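A quick write-up on the structure given underneath.
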Amino acid sequence: MWDRWRPIGLMTAGLFVIAVVARLLSRFIAHDHTKTQTRIGFVAFVAVAATVAAFAFLWGRRYPMGRVVLDLAGAVLTGCLLSVLIGPYISGGGGPFHKGAGVFFAQIWVYFGVSIGAGLLGLGVLTALGQDYRSQALRRFALKEKGKPKRVTRG
């Protein structure tokens with residue numbers, strides 16, 4: 001069971017660390033510069049997208065698509081909730097609803113949008129290259145069936 005949940009937990013931790021580092025950089029380096037804070041936010045979302053795409057690509061090679069989608073969804077949902085609910089306390093900006101409910105829900109939608117897009121990109125590249133789980137299984141089946149001689153039947 002530990003082997004099943006460890007990769008999901010590690011991905012969640014990675015997504016949360018990206019958010020924490022971005023918030024700390026924004027707090028200490030770009031305290032009064034909104035342009036720099038915006039750049040840090042964009043870089044953080046690019047890092048989140050790269051992480052999700054990389055995990056989608058790696059997991060898609062080993063496991064069926066249903067399991068990959070559920071694992072990615074669980075890790076992204078947990079990482080998003082940790083980042084949005086605990087992140088504001090780390091950056092010293094008050095609670096999650098300090099800037100209003102609109103900003104809170106906008107963060108969630110942007111996080112999910114970036115994650116879904118990156119996951120689809122990773123899985124799409126994997127499928128286009130023919131390296132996904134199903135393509136590999138079909139390739140193994142074709143090679144196995146190719147090696148067998150045809151059955152001779154009486155007519």
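The values are calculated or read from the model by the stated rules, or taken from the named source; none is laboratory data. As the structure is a prediction and not an experimental result, all values here were calculated from the model. We place every Cβ from the backbone using ideal geometry, glycine too, and count neighbours over all the protein chains shown. With ligands, DNA and RNA removed, areas are computed over all heavy atoms of the protein, side chains included. Shrake-Rupley method; radii C 1.70, N 1.55, O 1.52, S 1.80 Å.
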>> I need the full set of residues from region 47-86 which are more than 10 Å from the chain's Cα centre (by Cα), buried (at least 20 other Cβ atoms within 10 Å of the Cβ) and within 17 Å of Val21 (Cα to Cα), in order please.
In response: Cys80, Ser83
> Which of (1) closer than 22 Å to His31 by Cβ; (2) touching a helix residue (DSSP H, G or I) at 6+ places or on another chain (Cβ under 7 Å) is the odd one out, the single condition Ser115 does not satisfy?
Replying inline: (1)
>> Testing Gly95 on (1) within 15 Å of the chain's Cα centre (by Cα); (2) under 30 Å from Ala30 (Cβ atoms); (3) not hydrophobic (A, V, I, L, M, F, W, C), one condition comes back false. Which one is that?
In response: (1)
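Conditions (1) of a type in the set (Lys, Arg); (2) under 25 Å from Leu129 (Cβ atoms); (3) at pLDDT 90 or above, marked per residue:
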residue	(1), (2), (3)
Met1	no, no, no
Val17	no, no, yes
Val48	no, yes, yes
Ala75	no, yes, yes
>> Against the conditions (1) under 20 Å from Ala50 (Cβ atoms); (2) open to solvent by less than 100 Å² (accessible area, probe 1.4 Å), where does Tyr133 fall short? Just the number, please.
In response: (1)
> For residues in region 1-24 being farther than 13 Å from Ala47 by Cα and of a type in the set (Phe, Trp, Tyr), which is surrounded by the fewest Cβ atoms within 10 Å (Cβ to Cβ)?
Replying inline: Trp2
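One residue is enough: does region 35-42 have a residue meeting the conditions under 13 Å from the mean Cα position of the chain (by Cα), more than 18 Å from Gly14 (Cβ to Cβ) and either among the aliphatic types (A, V, I, L, M) or open to solvent by less than 60 Å² (accessible area, probe 1.4 Å) (or both)?
For region 35-42, residues under 13 Å from the mean Cα position of the chain (by Cα), more than 18 Å from Gly14 (Cβ to Cβ) and either among the aliphatic types (A, V, I, L, M) or open to solvent by less than 60 Å² (accessible area, probe 1.4 Å) (or both): absent.
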